[in-house]
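What follows is a single structure, written as structure tokens, with notes after it.
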Amino acid sequence: MIGVVVKIHSNFYYVKCSTLLLECKIREKLKKANQEVFVGDKVVVEEIEIESSQGAIFEVLERTSFLPKPSIANIDQVITVSSIIDPVLDYSQLDRYLVNAGRHGFNSIICINKTDLLDNIDEINEIKAIYEPLGYKLIFLSAKTAEGIEEFKITLKDKISVLCGESGVGKSSIVNTISPGLHLKTKEISNKSHRGTHTTRHVELIELLFDDEHKGIIADAPGFSFLRFDDVLPEMIDEFFTEIHDFSKECFYNDCLHINEEGCNVIKNLNKIPSSRYNSYKAFIEEALEYKKKLINSGHKEEKKSKTIDKGNNEKVNIVKLGLQKREDSRKKNKQKLKNVISSLDYTYYNDECLD
Ligand code: GDP
Ligand code: ZN
């Protein structure tokens with residue numbers, strides 16, 4: 001039987017197979033092959049015991065998409081959820097979600113909640129002015145008054161969507177407004193921080209029934225609140241900022257990061273780039289530079305071939321380090337990895353010498 005993993009908890013995999021929800025273990029053979037199983041995976045379940053609703057996962061079918069941190073397989077779209085007020089829209093966090101989704105091949109839909117708290121539409125126009133020219137679809141709604149909910153439902157119809165957004169922006173409330181029967185727990189906003197209190201939950205696929213024919217599936221993904229760009233090279237970032245990338249073609253250096261380089265066409269045109277977007281870009285570049293530094297350091301760290309040990313009574317001897325060959329091999333692999341990364345970037349100022 002083929003089913004979808006909807007939840008993972010304490011080594012149990014909950015698999016929805018048509019109307020059944022089975023509690024499954026992974027077959028030993030898959031474990032030995034280091035086969036990972038994620039929420040959203042389509043799996044083959046066998047050894048099903050109907051009475052106890054248990055089974056075993058025998059096979060994981062090929063994934064059509066994958067989003068890490070937290071890991072979810074086979075989703076169709078990423079929807080970022082922010083609130084316009086309480087908590088006030090955090091542009092940098094929104095950009096973080098957009099870049100993260102873009103890196104993994106997803107075009108996000110931007111959903112802005114709590115429009116009922118807004119006195120005038122200036123802010124809505126401001127958000128539109130930044131993100132519409134970049135090609136993002138925007139949905140403004142209020143989970144409280146249900147304004148905009150119908151448009152949101154159409155977006156979710158017959159798709160698996162992941163909702164990512166900080167705690168307190170109203171993700172659970174939106175889901176409850178769409179599917180009141182679900183009664184997802186909502187959180188009170190703390191007066192002090194204007195943010196929801198953080199509760200650790202697991203990723204879970206939730207089925208939303210709109211009418212007799214249509215349904216949508218959403219993945220609630222709490223871990224997205226802690227995204228950092230600590231696994232991406234700085235040269236890759238501007239690709240996800242179209243408005244910066246467009247100007248970058250005229251920069252003097254082709255490895256320009258558009259921070260303070262001479263002849264940078266992006267800096268020349270900063271008045272045409274929304275400041276919130278450039279601020280997000282700079283913050284992400286900083287994180288990515290830290291990652292690159294780490295990568296380079298791990299590539300040419302000196303390893304001593306022997307170590308000194310104290311034999312007591314002040315007598316010191318040099319001994320050859322055990323496991324050195326193994327570490328040498330892994331160091332070589334690291335260096336090769338780094339060389340591959342750098343040559344693929346045509347990164348001119350990292351020459352071979354720096355890597356040896
Ligand atoms: P989540 O952490 O993103 O799931 O956020 P919740 O759904 O728990 O909502 C956090 C708080 O915001 C709760 O107190 C909700 O009642 C409130 N809230 C959610 N949506 C709206 C909305 O559209 N308008 C207003 N005024 N409050 C909302
Ligand atoms: Zn530049």
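Sorted on the mean count of surrounding Cβ atoms within 10 Å across their residues, most packed first, peptides 169-175, 130-136 read 169-175, 130-136. With bins 5 Å wide beginning at 0, the percent of Cα pairs of the stretch 93-169 falling in each bin runs 3, 13, 23, 27, 23, 9, 2, 0.
Kirkwood analysis of the stretch 1-73, using all unique Cα-Cα pairs, places the hydrodynamic radius at 12.1 Å.
Here the stretch 13-89 is assigned +1 on the Cβ of each Lys and Arg and -1 on the Cβ of each Asp and Glu. Its dipole about the Cα centre then comes out at about 280 debye.
Tell me, what is the percent relative contact order of the stretch 1-151, built from C-alpha pairs under 8 Å that lie six or more residues apart? Once normalised by length, the contact order is 15 percent. Antiparallel beta bridges, as assigned by DSSP with both residues in the stretch 1-134, represent about 65 percent of the total such bridges.
Averaging Cα coordinates gives a centre for the stretch 61-118 and one for the stretch 1-37; these two points are 26 Å apart. Taken about its Cα centre, the stretch 119-189 carries a charge dipole of roughly 480 debye when the Cβ of each Lys and Arg holds +1 and the Cβ of each Asp and Glu holds -1.
A simple spin-label model places the labels of Met1 and Glu290 4.7 nm from each other, with each point 7 Å out along Cα-to-Cβ. For Glu59, neighbours were defined as the other residues whose beta-carbon sits under 15 Å from its Cβ, and their charges (Lys and Arg +1, Asp and Glu -1) total +1.
Cross-link pairs exceeding 24 Å between alpha carbons, from the set Lys16/Lys153; Lys69/Lys153; Lys128/Lys249: Lys69/Lys153; Lys128/Lys249.
The value of relative contact order for the stretch 70-171, using C-alpha pairs under 8 Å at least six residues apart, is 41 percent.
Read the figures in this text as sums done on the coordinates, not as results from a lab. What you see is a predicted model, and the numbers here were worked out from it, not measured in a lab. As a convention, Cβ positions derive from the backbone with ideal geometry for all residues, glycine included, and neighbour counts pool all protein chains shown.
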